[in-house]
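The values are calculated or read from the model by the stated rules, or taken from the named source; none is laboratory data. Just so it is clear, the model here is predicted, and its values are computed rather than measured. Backbone-built Cβ (ideal geometry, glycine too); neighbour counts: all protein chains shown. What goes into the accessible areas is simple: the full protein's heavy atoms, side chains included, and nothing from ligands, DNA or RNA. Shrake-Rupley method; radii C 1.70, N 1.55, O 1.52, S 1.80 Å.
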Amino acid sequence: MQVQESKVLTLEEAVCRYVYDGCSIALGAIVSREPMAVASEIVRQKKKDLTFVNDSSVDPAELLIAAGCIRRVEDAYIWMGGVGPAHNYRRAVQEGIPHYLEIEEYSNYGISLRFMAGAMGVPFLPTKSMLGSDMVAHNPRIKVIPDPYGGKPVALVPASRPDVAFIHAQRADAEGNAQIWGMVGNDDNIARAAKAVVITCEEIVPTSEIRKIPNMTAIPSYCVSAVVKVPFCCHPLSVSGYYWLDQPFRRSFSKASKTREGVVAWIDEWVYDLKNHEEYMNKVGMDRLSKLRQMELDNYHIPTIETTG
Amino acid sequence: MSYAEKYSTSELMAAFVSRQIRNDDVVFIGIGLPLVAGVVAVATHAPKAILIYEGGGIGARTRRVPWSISDNPTTDNAIAAVPMWRVFSDMQAGYVTLGVVGGAEIDRFGNLNTTAIYGRGGSYRHPKVRLAGSGGANDIASSAGRLIIMMHLGKGKFVDRVQFLTTPGYISGPGAREEAGLKGKGPEYVVTEKCIFAFDEKTKEMYLKLLYPGVTVEEVKQLVGWDLKVAANMEKPEPPTEQQIRLMKAFDPDGSIMKTPKIAPDKWEDFDAFYELIKAAYESNHIYNSY
């Protein structure tokens with residue numbers, strides 16, 4: 001009889017096993033559910049030369065760029081949305097600190113379709129976005145052709161199949177059936193496009209809970225390589241039904257990022273000097289984290305599913 | 001309905017854009033001031049307008065303005081929460097009647113640059129100032145029915161030709177959008193903190209349509225990098241109503257979007273100040289129940 005290994009890992013194990021120097025990586029979602037703890041662990045394990053494939057990214061992209069983990073970005077937007085400029089992205093592009101980045105740019109829909117093509121197993125998809133823009137002029141992988149069925153121009157974007165994707169869900173079972181509430185982003189397609197997928201989640205629940213509300217399963221287990229329970233994985237970013245955006249914390253990071261020395265000290269304090277995410281949570285403080293949770297619960301609850309009989 | 005006696009230019013801008021939102025509009029809305037304009041419209045004259053956020057939230061009913069296009073409130077009490085590719089596809093297919101976006105640099109034909117300011121001797125690969133990139137702005141401007149742009153009329157920001165065309169206006173003039181294959185109609189207004197611009201129907205060139213109180217034509221012309229034409233009959237702006245201002249303040253409890261911060265700069269990173277302020281704002285306002 002074949003013994004199946006459990007998919008449930010620790011965050012350290014998952015990053016060690018699935019992220020390797022030079023690989024391409026996608027982190028799911030934008031702002032809400034963007035997995036900050038994964039970015040921190042990648043920095044802690046000093047992964048390098050990564051190709052970061054993303055629609056839009058905020059704090060995690062900034063951290064990974066500042067720490068020198070990323071060599072190339074294929075994206076639509078990097079900024080500290082809602083807080084300020086992306087100081088670290090700017091320093092890398094403008095001054096080569098810590099090093100220059102290769103950039104391949106699309107719009108958010110362009111990137112969305114790249115993941116969708118990857119998820120569909122087709123080489124490209126057409127869109128009516130980006131036409132007439134300089135993204136086409138500076139990105140030879142966007143091809144503008146006349147509609148072959150007779151008609152106006154369309155832009156083609158190539159499929160993306162990242163080597164690994166990390167997607168944070170509110171809950172998943174031990175097999176990786178992942179249920180997402182609130183903003184979905186492109187995570188359904190990223191999970192299907194990536195060659196390996198790690199689901200991080202606030203809670204691991206029995207499969208019987210998943211079965212009660214199957215429409216919420218954005219990602220079925222057959223796409224998933226590993227599952228990691230990481231409460232408050234996205235702090236200082238938010239998770240619908242679990243916790244709010246911690247704007248003051250993001251502002252501190254943004255302020256530190258104004259200078260290279262500032263962000264290096266910040267990374268020492270908040271990443272390298274901490275052994276893991278548990279130490280990070282303790283340093284942020286459980287009182288603060290529980291207030292962020294309460295603020296969210298005052299607004300929005302994930303509906304509870306009652307079963308009869 | 002009574003007009004406010006005192007108001008800021010941010011409030012005037014948000015009120016103007018809010019009034020452009022019709023009850024039957026499906027609105028794809030960008031980060032910052034557009035978000036305020038959108039929620040105020042829905043809470044006042046356009047209760048049936050449906051706001052769509054890039055993250056996939058459709059028709060949310062929230063107690064505060066989302067701090068990004070995919071912050072939790074973008075799906076709070078929403079009518080649907082769908083994937084990002086789905087909302088963009090809905091827009092490309094023609095369901096979105098109005099888009100509202102921000103910008104950093106704009107030109108005569110309403111093209112936006114949010115990618116890079118090259119600077120002297122600089123290039124796309126080695127710019128003087130790197131900006132965020134398109135995000136969803138290119139998609140909104142490409143495919144939304146009508147389009148409104150909200151941005152700062154700063155020195156050097158209104159140029160003859162953008163260095164990098166991130167988001168299309170009328171590209172190079174009449175017929176260029178159609179030739180490129182774009183589906184949306186192109187920009188209708190550019191709303192700034194000094195005035196509002198519109199586009200000439202024939203030439204597709206941006207012209208001055210409306211000045212705010214105390215602003216002169218000369219002042220605006222000096223900030224614009226082409227020979228700006230001025231409407232024959234310049235219109236006066238309609239001030240915000242007291243109700244609109246009350247809602248703007250309530251929806252932006254820490255004042256971070258309307259640029260009237262309610263937390264002193266030295267407390268900007270103070271979690272308790274943030275928590276107490278927003279908690280109190282939530283407890284004291286009941287907008288949420290009124291729409």
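Short version: ³J(HN,Hα) in whole Hz for each residue of segment A:50-65, in order, from phi by Karplus 6.51 cos²θ - 1.76 cosθ + 1.60 (θ = phi - 60°), x for Gly and Pro, what are they?
Per-residue couplings from phi come out as 6, 9, 9, 9, 7, 5, 10, 9, 10, 3, x, 5, 4, 5, 5, 5 Hz.
So what is Rg over Rh here for chain A, counting just Cα atoms and using Kirkwood for Rh?
Values: Rg = 19.6 Å, Rh = 20.0 Å.
Here the Rg-to-Rh quotient is 0.98.
Roughly how large is the A-B contact in terms of buried accessible area, totalled over both chains, probe 1.4 Å, nearest 100 Å²?
Values: alone 14010 and 14240 Å², together 22950 Å².
Buried surface at the A/B interface: approximately 5300 Å².
Percent of accessible area on segment B:9-290 owned by carbon and sulfur, 1.4 Å probe? Let's see the in-between values first.
On the way: 5480 of 10670 Å².
After summing per-atom areas, the C and S share lands at 51 percent.
Could you check the spin-label model distance between A:Lys275 and A:Val144? Points 7 Å from the Cα along Cα→Cβ, value in nm.
With each label placed 7 Å out from Cα toward Cβ, I get 5.7 nm.
Going by Cα centres, segment A:1-71 and segment A:232-258 are how many Å apart?
18 Å
Is segment A:132-271 rounded, prolate or oblate when judged by the Cα gyration tensor, a ≥ b ≥ c being the square roots of its eigenvalues, rounded requiring a/c under 1.5 and prolate requiring a/b larger than b/c?
On the way: a/c = 2.33, a/b = 1.16, b/c = 2.01.
Here segment A:132-271 falls in the oblate category.
Just the number, please: percent antiparallel of the DSSP beta bridges in the protein assembly as shown, rounded to the nearest 5. Let's see the in-between values first.
Details: 32 of 81 bridges.
Antiparallel bridges make up about 40 percent of those DSSP assigns within the protein assembly as shown.
Do any residues of segment B:113-135 show a loss of at least 40 square angstrom of accessible area between the isolated chain and the full protein assembly, using a 1.4 Å probe, and if so which?
Going by heavy-atom accessible area, the residues of segment B:113-135 that drop by at least 40 Å² are B:Tyr124, B:Arg125, B:Arg130, B:Ala132, B:Gly135.
Please list, in order along segment A:73-89, the HN-Hα scalar couplings obtained from phi with the Karplus expression 6.51 cos²θ - 1.76 cosθ + 1.60 (θ = phi - 60°), rounded to whole Hz, x for Gly and Pro.
Using θ = phi - 60°, the values come out as 10, 10, 7, 10, 6, 10, 6, 8, x, x, 10, x, x, 8, 4, 6, 4 Hz.
Show log10 I(q)/I(0) for chain B at q = 0.08, 0.16 Å⁻¹, two decimals, from a solvent-free Debye sum over equal Cα scatterers.
Values, matching the q order: -0.34, -1.37.
Taking amide hydrogens as modeled 1.01 Å from N in the peptide plane, which residues meet the under 5 Å criterion relative to B:Leu51, leaving out close sequence neighbours?
Counting only residues 5 or more places away or on other chains, the set is B:Val27, B:Gly59, B:Ala60.
Counting only other chains, and only Cβ atoms inside 10 Å, what mean value do you get across the residues of B:271-277? If you can, show how the numbers build up before the last one.
Numbers: counts 11, 4, 1, 8, 8, 1, 0.
Whole-number average of other-chain Cβ neighbours for B:271-277 is 5.
Please work out the average accessible area per residue across segment B:9-290, using the 1.4 Å probe convention, and give it in Å².
On the way: 10670 Å² over 282 residues.
Solvent-accessible surface per residue comes out at 38 Å².
Relative to the compact-globule scaling 2.2 N^0.38 Å, provide the ratio for the alpha-carbon radius of gyration of segment B:1-49.
Numbers: Rg = 10.8 Å, N = 49, 2.2 N^0.38 = 9.7 Å.
For segment B:1-49, the normalised Cα radius of gyration comes out at 1.12.
Between rounded, prolate and oblate, where does segment B:174-291 land on the alpha carbon gyration tensor, with a ≥ b ≥ c its root eigenvalues, rounded for a/c under 1.5, else prolate if a/b exceeds b/c? Present the calculation step by step, with values, prior to reporting the outcome.
Working: a/c = 2.37, a/b = 2.02, b/c = 1.17.
It is prolate, given that a/c is not under 1.5 and a/b is the larger ratio.
Apply the Karplus parameterisation 6.51 cos²θ - 1.76 cosθ + 1.60, with θ equal to phi minus 60°, to every residue of segment A:261-272 and state each ³J(HN,Hα) to the nearest whole Hz, in sequence, with x for glycine and proline.
4, x, 6, 4, 5, 4, 5, 4, 5, 9, 10, 5
For segment B:135-180, run through the trypsin sites (Lys or Arg not before Pro) and keep only the ones in DSSP coil with at most 13 other Cβ atoms within 10 Å of their Cβ. Before the final figure, lay out the partial values.
Working: sites: B:Arg146, B:Lys155, B:Lys157, B:Arg161, B:Arg177; in loops: B:Lys155, B:Lys157, B:Arg161.
For trypsin sites (Lys or Arg not before Pro) across segment B:135-180 that sit outside H, G, I, E and B with at most 13 neighbouring Cβ atoms in 10 Å, the list reads B:Lys155, B:Arg161.
Long-range amide H contacts for A:Glu74: which residues qualify at under 5 Å (H placed 1.01 Å from N, peptide plane, sequence gap of 5 or more or a different chain)?
A:Phe52, A:Val53, A:Asn54, A:Glu104
Which whole-number value in Å² is the accessible area per residue of segment A:123-274, probe 1.4 Å?
Accessible surface, normalised per residue, equals 35 Å².
Just give the residues from segment A:59-94 buried by at least 20 square angstrom of accessible area in the all-chains context relative to the isolated chain, probe 1.4 Å, and say none if nothing qualifies.
With the partner chains in place, segment A:59-94 has these residues losing at least 20 Å²: A:Ala76, A:Tyr77, A:Trp79, A:Gly82, A:Tyr89, A:Arg90, A:Val93, A:Gln94.
Students often forget the sequence filter, so: which lysines lie under 20 Å Cα-Cα from B:Lys249 once same-chain residues fewer than 8 apart are removed?
B:Lys6, B:Lys259, B:Lys262, B:Lys267, B:Lys279
Report, ordered by chain and residue number, the lysines lying within cross-link reach of B:Lys202, taken as a straight Cα distance under 20 Å and ignoring same-chain residues fewer than 8 apart.
By straight Cα distance, B:Lys202 reaches B:Lys183, B:Lys185, B:Lys229.
Mind checking A:234-240 for the average number of partner chain beta-carbons within 10 Å of each residue's beta-carbon?
Details: counts 0, 0, 0, 4, 6, 1, 8.
That average works out to 3.
How many angstrom lie between the C-alpha centres of segment B:231-276 and segment A:73-118?
Distance between centres, Cα-based: 29 Å.
Specify whether the C-alpha gyration tensor of segment B:1-140 places it in the rounded, prolate or oblate class, a ≥ b ≥ c being the square roots of the eigenvalues: rounded for a/c under 1.5, otherwise prolate if a/b is larger than b/c and oblate if not. All intermediate terms of the calculation are to be shown ahead of the outcome.
Working: a/c = 2.09, a/b = 1.38, b/c = 1.51.
Judged from the Cα gyration tensor, segment B:1-140 comes out oblate (a/c at least 1.5, b/c at or above a/b).
Might you work out the accessible area of A:Arg293 for me, using a 1.4 Å probe with all protein chains in place, and round it to the nearest 10 Å²?
About 70 Å², ignoring ligands and nucleic acids.
Which residues belonging to segment A:131-180 lose at least 50 Å² of 1.4 Å-probe accessible area when the assembly is complete, relative to their chain isolated?
A:Leu131, A:Gly132, A:Asp134, A:Met135, A:His138
Any chance you could give the angle, 0 to 90 degrees and rounded to 10, that helix B:271-284 forms with the longest Cα principal axis of chain B?
Once rounded, one gets 70 degrees.
If amide hydrogens are placed 1.01 Å from N in the peptide plane, which non-local residues have theirs closer than 5 Å to the one on A:Thr200?
A:Ile167, A:His168, A:Ala169, A:Val228
Which is the longest run of chain B containing none of the GluC sites (Glu not before Pro) found in DSSP loop states (not H, G, I, E, B) with at most 11 other C-beta atoms within 10 Å?
Numbers: sites that count: B:Glu5, B:Glu201.
Result, exposed sites excluded: B:6-200.
For A:Trp181, A:Trp79, write out the residues from largest to smallest accessible area, computed with a 1.4 angstrom probe and no ligands counted.
So the residues, ranked largest to smallest area, are A:Trp79, A:Trp181.
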